[in-house]
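What follows is a single structure, written as structure tokens, with notes after it.
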Amino acid sequence: MKIKLNAVEFDVLPVPRQLRAALLQQPSIRPGILREVYVHTRAEGGKTIGPTSPQGGVMLPNGLSFFVPKAGSADAPEIAEGPSKKMSERFIEAVGARDMRELQDAVHRLFGASQRALPINDFAALNPVADWRLLMGTDFAVLQLVNAARNLSAFVIVPAQVGFVATVTEEGEGLPEVMATKPGLLQNQPGFIIPPSTQPGESARRIALEQRVRELAAALDGRTPAELPADDPRQSESQRLSVEWAMLFPRTGAQRPQQPAASVRRA
């Protein structure tokens with residue numbers, strides 16, 4: 001897959017597991033993996049934390065990162081701060097953006113911005129008997145944009161799946177009775193696939209997903225997920241990837257899109 005930012009062409013490539021893990025631990029990305037998105041108190045009611053869409057859903061922005069690994073750190077990649085900063089400056093200049101914000105806007109137009117309605121009604125029984133909060137975990141697709149001829153590279157981090165868990169922050173009168181009638185309430189963890197909102201976003205998600213499925217299959221070494229211990233994290237990873245695969249690779253197939261492009265817009 002290829003894209004264009006202004007007139008500069010980039011290959012969209014999958015990211016190996018070790019590098020993906022290192023990217024997701026960068027300070028600008030890590031807070032998005034698990035964050036508080038809603039709080040409800042008996043005194044003040046409920047409120048959403050963070051930016052919301054006009055429809056009331058929580059926004060799921062894409063991330064953009066510049067990560068040049070230190071030499072010799074391939075097995076456990078570490079960022080080389082100076083070269084990474086220089087790469088970001090060269091990248092911004094090459095595509096004709098004034099700053100990182102303009103570049104991010106162009107990336108968002110290509111890969112799409114997502115939102116997700118919060119499943120607060122699933123936990124409404126807690127409202128009169130407890131203060132509680134809703135945490136959202138996000139699983140990301142990670143892609144690399146590469147122009148080898150100009151030695152340009154950037155990483156795009158795209159929300160792929162979200163899951164929610166509610167935790168009680170202060171117990172109130174009546175909570176034991178509610179939990180007795182709804183014993184699985186706090187074990188309920190609704191999860192959702194984030195549908196791509198653009199064709200480039202869908203194609204990129206497929207590239208990232210194929211890479212993760214290949215790597216998981218290699219790690220299983222011929223075993224099926226059902227043969228793993230119940231507490232092996234690859235069990236849940238396999239389930240998540242299978243559900244996303246069913247959405248991104250429908251049996252009817254999809255036509256190959258034309259090369260997508262985005263311009264850097266001046267205010």
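Taken over the range 163-206, the criterion of being exposed (fewer than 13 other Cβ atoms within 10 Å of the Cβ) and in contact with an Asp or Glu (Cβ under 6 Å, 6 or more places away or on another chain) is satisfied by 169, 170. Of 60, 103, 64, all but one fail to be under 20 Å from residue 18 (Cα atoms) and either surrounded by 15 or more Cβ atoms within 10 Å (Cβ to Cβ) or at pLDDT below 95 (or both); the exception is 64.
Please tell me if residue 234 is under 24 Å from residue 34 (Cα atoms) and either basic (Lys, Arg) or surrounded by 15 or more Cβ atoms within 10 Å (Cβ to Cβ) (or both). Spelling it out, residue 234 is indeed under 24 Å from residue 34 (Cα atoms) and either basic (Lys, Arg) or surrounded by 15 or more Cβ atoms within 10 Å (Cβ to Cβ) (or both).
One residue alone among 260, 250, 200, 233 is at pLDDT below 90 and in contact with a Pro (Cβ under 8 Å, 6 or more places away or on another chain), and that residue is 260. Filtering the range 1-52 down to residues that are of a type in the set (Gly, Ala, Ser) and over 17 Å from the mean Cα position of the chain (by Cα), which residue is modelled with the lowest pLDDT? Result: 7.
Apart from one condition, residue 140 fits all of (1) part of a helix (DSSP H, G or I); (2) touching a residue at least 12 places away in the same chain (Cβ under 8 Å); the exception is (1). Considering 118, 110, the condition of being of a type outside the set (Asp, Glu) and in a helix (DSSP H, G or I) is satisfied by 110 alone.
For the range 32-70, the set of residues classified as among the charged types (D, E, K, R), farther than 30 Å from residue 154 by Cα and touching a residue at least 24 places away in the same chain (Cβ under 8 Å) consists of 42 only. The range 37-100 holds strands (runs of 3 or more DSSP E) entirely within its bounds, and those carrying 1 or more residues that are hydroxyl-bearing (Ser, Thr, Tyr) map to 45-48, 63-65. Restricted to the range 195-240, and to residues there that are more than 15 Å from the chain's Cα centre (by Cα) and acidic (Asp, Glu), the residue that is farthest from residue 156 (Cα to Cα) is 227. Tally up the residues in the range 23-56 that are surrounded by 15 or more Cβ atoms within 10 Å (Cβ to Cβ) and within 29 Å of residue 91 (Cα to Cα), please. Adding up the residues that qualify gives 5.
Of the residues making up the range 128-144, just one is over 25 Å from residue 16 (Cβ atoms), of a type outside the set (A, V, I, L, M, F, W, C) and surrounded by fewer than 17 Cβ atoms within 10 Å (Cβ to Cβ), namely 128. Among the numbered conditions (1) within 21 Å of the chain's Cα centre (by Cα); (2) surrounded by fewer than 17 Cβ atoms within 10 Å (Cβ to Cβ); (3) not aliphatic (A, V, I, L, M), the only one that residue 116 does not meet is (2).
Here residue 20 passes the criteria (1) surrounded by 17 or more Cβ atoms within 10 Å (Cβ to Cβ); (2) part of a strand (DSSP E or B) except the one numbered (2).
The values are calculated or read from the model by the stated rules, or taken from the named source; none is laboratory data. All values derive from a computational prediction rather than experimental measurement. Quick reminder, even Gly has a Cβ in these numbers, built from the backbone with ideal geometry, and neighbours come from all protein chains shown.
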